[in-house]
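Trainee: The structure's right below; bear with me while I get my questions together.
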Ligand SMILES: NC(=O)c1ccc[n+]([C@@H]2O[C@H](COP(=O)([O-])OP(=O)(O)OC[C@H]3O[C@@H](n4cnc5c(N)ncnc54)[C@H](OP(=O)(O)O)[C@@H]3O)[C@@H](O)[C@H]2O)c1
């Protein structure tokens, strides 16, 4: 019976989460019963939406419970199995992250092919993150050949993929915004953006106008706040914004005021639409086929920032919320 370390939420954060809001607990993991598997996690995902789950508020996903292990995406290796469908040694994608070992019904795990792609790819380009970028650009923003596209949070997991996919989907110019000169450099040199904005330099609106003097057609919003305001300002007539997330306000304790330039939407006939990747599973087969091709041809670069060890998972999450990552932030657990 393996002893497993797991991360509990022990206090609801007030504003920015603190290490004391979490605790690493040791627990025994039972042997699998009929139809169950026991999994040793190899990679666990830390994601911005988890910040919302730390609040006790009604949302599209239930809050984490205090004093209990959190959950989230993970890929692991099956170490014991009572299921004929999922043998020992298989790599599986599942939702019992934030722990070293997990016990689950085999039906709740999806076997992934680690010969086709490394295990961690199923938590980034070949997983929810990549599908989010694709669904936002296609189903929501209805990206067309020749569009000028602006992506915020562009050096992050979703944003870095969205920028590169926009190019593959026919954008004539792709502009990204991220924090700091090093990320700005990486947008241009590693992710192939045509223009990059360091939002920490200020004057977002001016920087966007300089990068896109004739305006933008599509905005992929990961950040909200001042980025959304600047994008509305820069929109061309019939522009479309896919509202994917608003990380700039996730730690706010009071509702943030909305952009003060919404009046522009009328004259410009602009569409703003929020979306959740969970509603776009129908696009998954099409996306995974295209993504596998882009990855194989070197047209899509999927970067990860790796933090080692379950004891450092909270630091990985807190660091991701502050911008310590380029590409997907993942926690690697030793075998
Ligand atoms: N709608 C959906 O179904 C769906 C699915 C997945 C993700 N999302 C959303 O997509 C967004 C990106 O998620 P991700 O997993 O790819 O995370 P990520 O971009 O890899 O990581 C978060 C990034 O946010 C940036 N950031 C933090 N505070 C900021 C601020 N005040 N202003 C501007 N940027 C800030 C940081 O980059 P800098 O160093 O550049 O500041 C950080 O690296 C999030 O809003 C998330 O909630 C939505």
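The values are calculated or read from the model by the stated rules, or taken from the named source; none is laboratory data. Just so it is clear, the structure is predicted and the values come from calculations on it, not from any experiment. No Cβ is skipped: glycine too gets one built from the backbone with ideal geometry, and neighbour counts run over all protein chains shown.
Trainee: Check 324, 241, 292 and return the single one that is closer than 24 Å to residue 197 by Cα and surrounded by 15 or more Cβ atoms within 10 Å (Cβ to Cβ).
Mentor: That would be 241, the only listed residue that is closer than 24 Å to residue 197 by Cα and surrounded by 15 or more Cβ atoms within 10 Å (Cβ to Cβ).
Trainee: Just to be sure before I move on: is residue 291 within 17 Å of residue 132 (Cβ to Cβ) and either modelled with pLDDT under 95 or in contact with a helix residue (DSSP H, G or I) (Cβ under 9 Å, 6 or more places away or on another chain) (or both) in the structure I sent?
Mentor: yes
Trainee: Do we find that residue 300 is at negative phi, at pLDDT 95 or above and outside any loop (DSSP other than H, G, I, E, B) in this structure?
Mentor: No, not satisfied.
Trainee: Return yes when residue 308 is away from the ligand (no atom under 16 Å from the Cβ) and either in contact with a helix residue (DSSP H, G or I) (Cβ under 8 Å, 6 or more places away or on another chain) or in the same structural domain as residue 89 (by TED's automatic domain parsing) (or both) and no when it is not.
Mentor: Taking the combined requirement at face value, the residue satisfies it.
Trainee: Every residue in segment 296-314 that is buried (at least 16 other Cβ atoms within 10 Å of the Cβ) and under 18 Å from the mean Cα position of the chain (by Cα), please.
Mentor: Listed by number, the residues that qualify are 300, 302, 303, 304, 305, 307, 313, 314.
Trainee: So, one more: Only residues that are more than 13 Å from the ligand (Cβ to nearest atom) and within 30 Å of residue 230 (Cα to Cα): list them for segment 275-286, please.
Mentor: Scanning segment 275-286 gives no hits.
Trainee: So residue 63 fits all but one of (1) surrounded by fewer than 21 Cβ atoms within 10 Å (Cβ to Cβ); (2) not assigned by TED's automatic domain parsing to the domain that holds residue 8; what number is the exception?
Mentor: Answer for residue 63: the failing condition is (2).
Trainee: Would you be able to say whether some residue in segment 69-82 is without any contact (Cβ under 8 Å) to a residue 12 or more places away in the chain and over 17 Å from residue 333 (Cα atoms)?
Mentor: No: zero hits.
Trainee: On to the next question. Restricting to segment 124-154, give me the number of residues that are surrounded by fewer than 24 Cβ atoms within 10 Å (Cβ to Cβ), part of a helix (DSSP H, G or I) and more than 12 Å from the ligand (Cβ to nearest atom).
Mentor: Going through segment 124-154 one residue at a time, the tally reaches 1.
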